[in-house]
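Reading through the structure tokens given below for one structure.
Throughout, read-outs are computed from the coordinates displayed, never taken from laboratory work. If you're wondering where the values come from, they're calculated on a predicted model, not measured in any experiment. Reconstructed Cβ throughout: ideal geometry from the backbone, glycine too, with neighbour counts over all protein chains shown.
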Amino acid sequence: MDSFVKMINRISRLSALYREKEFKKLGLGEMHHAYILSVCDEPGISQEELACKIFINKSNVARQLAQLEQKGFIKRQSDEQDARRLRIFPTDKASAIEAEIRSILANWNQTLLNEIPSEQQAAILSGLQRIMEKAETEMCKKEQK
């Protein structure tokens with residue numbers, strides 16, 4: 001039997017391939033949805049806050065945001081109190097595809113879970129939530145040391 005982490009990694013990779021295919025139709029890369037949804041949920045979020053929220057290093061966030069800005073999905077503005085801090089805002093183009101992004105993600109989740117009874121789905125999701133929170137806690141402890 002495969003290890004837990006190996007199975008999670010395989011699901012993650014297959015999900016990335018699905019997102020890559022579906023989001024390409026919208027002019028996005030497979031991880032761009034995380035940026036767009038976060039910025040739509042929190043207009044004005046800083047690059048640093050966004051990096052923390054989606055667990056991606058700051059230099060990768062800056063590169064991905066540059067691509068999204070070039071494609072017209074976001075705009076970056078200097079913070080009024082600290083000109084070194086960049087605030088990220090969605091454009092109308094990002095807002096226009098937000099619902100479609102959420103639908104693509106929901107469809108994939110439904111595809112993966114549709115043969116599992118709903119009570120088991122709830123237990124699986126609850127267990128995964130606890131595991132995810134544990135992983136986040138452990139990583140935060142290690143980063144603080």
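From Cα pairs below 8 angstrom and at least 6 apart in sequence, can you work out the relative contact order of the chain, rounded to a whole percent?
After rounding, I find 19 percent.
Among S95, S59, S15, determine the one that fluctuates most according to a GNM of the chain built with springs between C-alpha atoms less than 10 Å apart.
Judging by the Gaussian network model, the answer is S59.
Sort segment 1-52 into rounded, prolate or oblate with this rule: let a ≥ b ≥ c be the square roots of the eigenvalues of the Cα gyration tensor; rounded if a/c is under 1.5, and if a/c is not under 1.5, prolate when a/b is larger than b/c, oblate otherwise.
Oblate.
Please identify, among Q47, Q67, Q81, the residue showing maximal mean-square fluctuation in a Gaussian network model of the chain using a 10 angstrom Cα cutoff.
Q81
Just add up the charged neighbours of L14: K/R +1, D/E -1, any other residue whose Cβ is under 13 Å from the Cβ of L14.
Local charge sum for L14: +2.
Which of these, P43, P90, P117, has the largest mean-square fluctuation under a Gaussian network model of the chain (Cα springs below 10 Å)?
Between P43, P90, P117, it is P117 that shows the largest mean-square fluctuation.
Under the rule of -39500 (n - 2.57) per DSSP H run of 4 or more residues, summed and divided by the residues of the chain, what mean residue ellipticity at 222 nm is obtained, to the nearest 500 deg cm²/dmol?
For the chain, the value works out to -23500 deg cm²/dmol.
For a test of the definition: using alpha carbon positions, the gyration tensor, and the 1.5 limit on a/c, classify the chain as rounded, prolate or oblate.
oblate
If you line up the long axis of helix 4-24 against the longest principal axis of the chain, both from Cα atoms, how many degrees apart are they, to the nearest 10?
50 degrees
First select every other residue whose beta carbon is under 14 angstrom from the beta carbon of R130; then total the charges, Lys and Arg +1, Asp and Glu -1.
On the way: positive: K134; negative: E133, E136, E138.
Summing Lys/Arg as +1 and Asp/Glu as -1 gives -2.
In the chain, if the dipole is taken from +1 on Lys/Arg beta carbons and -1 on Asp/Glu beta carbons about the Cα centre, which of V39, A123, N9 is farthest to the positive end?
Checked the options; the winner is N9.
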